[in-house]
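Q: Have a look at the structure that comes next, please.
No lab work stands behind these numbers, since they all come straight from the coordinates. Remember, predicted model here, so these are calculated numbers, not experimental data. In this analysis, Cβ positions are derived from the backbone assuming ideal geometry, glycine residues included, and neighbour counts consider all displayed protein chains.
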Amino acid sequence: MPPSDPNPVRVLICDDHPMVAEGIRALLETYDDLAVVGVAGDGAEALAMAGTLAPDLVLLDLNMPKVDGLSATEMLRDRHPGMRVLILSMHDTPEYVATALRHGAAGYCLKDQDMDEIRRAIDVVMGGGRYLCPGVEPEDGGAEPLTSREQTILLHLAQGRSNKEVAAALDISVHTVETHRKNLKRKLGISSTAGLTRYAMEHGVLQGTGLRR
């Protein structure tokens with residue numbers, strides 16, 4: 001048996017389904033050049049563990065409690081610029097893929113891909129590339145695309161959260177949320193919050209949040 005790699009890629013897994021997370025851990029641990037340094041059950045835990053464990057790569061689900069995967073991706077990239085984030089999701093909606101990439105994800109892979117494909121995704125993103133698994137393509141943005149922060153605000157608003165609740169969740173001021181809400185309406189040509197929710201549903205922004213149309 002060949003010796004273990006002395007400098008393996010340090011991987012943090014984040015999924016709110018323990019059996020899924022442990023299954024991924026078991027598969028990754030069969031590779032000598034990968035080392036699973038921790039398993040987080042939600043976005044908030046992933047952020048805390050990333051700060052102490054310093055993984056090279058975070059395998060991140062999108063639909064999670066406390067801090068959702070999109071927000072966690074953005075915060076991980078802000079706090080740890082050299083850290084790579086690879087999304088593992090059940091959802092292949094083009095708009096959702098594009099949103100994850102805008103939030104800073106280096107790749108997007110579906111959970112039903114076989115382990116060889118997920119391993120290839122890890123190699124690509126750790127090599128500095130962007131990975132999209134077969135059949136997944138992001139949707140092209142319009143002339144004035146939404147910023148990653150506006151995408152996050154839209155997701156929270158579409159989930160029925162008030163300006164105050166969004167401000168608390170993202171640790172920003174209510175005034176900032178109000179400004180983003182106005183910009184969203186202007187860019188999308190929508191005049192009401194109900195319209196924003198409808199847009200989010202029609203464009204797949206709510207995919208993976210557990211909400212249904």
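Q: Mind giving me the nanometre distance, one decimal, between the label points for residue 19 and residue 137, set 7 Å out from Cα along Cα→Cβ?
A: 3.5
Q: Please give the FRET efficiency for residue 187 paired with residue 78, using the beta carbon to beta carbon distance and R0 = 22 Å, rounded to the nearest 0.05.
A: Details: r = 23 Å, r/R0 = 1.03.
Efficiency, rounded to the nearest 0.05: 0.45.
Q: From the square roots a ≥ b ≥ c of the eigenvalues of the alpha-carbon gyration tensor of segment 9-132, which class results: rounded (a/c under 1.5), prolate (a/b over b/c), or oblate? Could you put the intermediate results ahead of the total?
A: Numbers: a/c = 1.19, a/b = 1.07, b/c = 1.11.
In terms of gyration-tensor shape, rounded.
Q: Enumerate the amide H contacts of residue 40 below 5 Å, restricted to partners 5 or more residues apart or on another chain; note that Pro and chain-start residues carry no placed amide H.
A: Amide H to amide H, under 5 Å and 5 or more residues apart or across chains, residue 40 pairs with 13, 14, 15.
Q: Are there any GluC sites (Glu not before Pro) in segment 62-140 that are in a DSSP loop and have at most 14 other Cβ atoms within 10 Å? List them by number. The partial results should precede the final answer.
A: Working: sites: 74, 95, 117, 139; in loops: 139.
Listed in order of number, the matching sites are 139.
Q: Between residue 171 and residue 48, how high is the FRET efficiency from 1/(1 + (r/R0)^6) when r is the Cβ-Cβ distance and R₀ = 22 Å? Nearest 0.05.
A: My answer for the efficiency is 0.90.
Q: Once both labels are modelled 7 Å past Cα along the beta-carbon direction, what's the residue 201-residue 164 spacing in nm?
A: It works out to 2.7 nm between the two label points.
Q: At 25 °C and 0.890 mPa s, what whole-number value in µm²/s does Stokes-Einstein give for the translational diffusion of segment 148-202, with Rh from the Kirkwood sum over Cα pairs? Mind showing how you got there, number by number?
A: Numbers: Rh = 10.9 Å.
Value of D from the Cα-based Kirkwood radius: 226 µm²/s.
Q: For segment 27-34, take each phi angle, set θ = phi - 60°, evaluate the Karplus expression 6.51 cos²θ - 1.76 cosθ + 1.60, and give the result in whole Hz per residue in order, putting x for glycine and proline.
A: Listing the rounded values in order: 5, 5, 6, 7, 9, 5, 9, 10 Hz.
Q: Over the Cα atoms of the chain, what radius of gyration and what Dmax do you get, in Å?
A: My reading of the Cα-based Rg and Dmax gives 17.5, 64 Å.
Q: Could I ask something else about it? In the structure displayed, which of 111/164; 111/185; 66/111 lie more than 32 Å apart, Cα to Cα? If you can, show how the numbers build up before the last one.
A: Values: 111/164 34 Å; 111/185 34 Å; 66/111 22 Å.
The answer is 111/164; 111/185.
Q: With charges set only on the Cβ (+1 for Lys and Arg, -1 for Asp and Glu), what does the dipole of the chain come to about its Cα centre, in debye to the nearest 20?
A: Values: 22 positive and 30 negative charges, 224 e Å.
That gives a dipole near 1080 debye.
Q: Okay, helix-only estimate at 222 nm for the chain: each DSSP H run of n ≥ 4 adds -39500 (n - 2.57), divide by all residues, round to 500 deg cm²/dmol; what do you get?
A: Working: 9 runs with 98 residues, N = 213.
Estimated from H runs of four or more residues: -14000 deg cm²/dmol.
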